[in-house]
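Every read-out reported here was derived from the displayed coordinates using simple, explicitly stated rules and does not represent laboratory data. A quick note: this is a predicted structure, and the numbers were derived from the prediction, not measured. Backbone-built Cβ (ideal geometry, glycine too); neighbour counts: all protein chains shown.
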Amino acid sequence: MVTEVFTRKYCDQHAVRDEKVEATEVIQFAWEGQVREIDACDECKKEHETRFEPLVDYSRPVKKRRAKKAESAKAASADSAPDASDGSDASNEESADESAEA
């Protein structure tokens, strides 16, 4: 005996709102460096095409950015900065007091 099993796919966008709408389309997109896909009904597919497809024309590939040497130097100096700033703040306050008296 042969049994056929039919599985229905429901629109993921409607499923978020606890609605069961049968999906007929698949939408693919990139997220955090991976190609992902969701099931969508005709209505959601059309909405996606009108809202997000025009953005593809303006998109560009993302380049990996290197950490700048200045940022790493700032992080190292930030550890020693509180010690140095305590002394410099006191001297700045003294000089401000002297200039106010004059």
Check your understanding: For the stretch 7-61, which semi-axes, largest first and in whole Å, follow from the square roots of 5 times the eigenvalues of its Cα gyration tensor?
Key -> 23, 13, 9
Practice item. Rank-order 39-48, 17-26, 52-61 by packing density, defined as the average count of other C-beta atoms within 10 Å over each peptide's residues, highest first. Key: 39-48, 17-26, 52-61
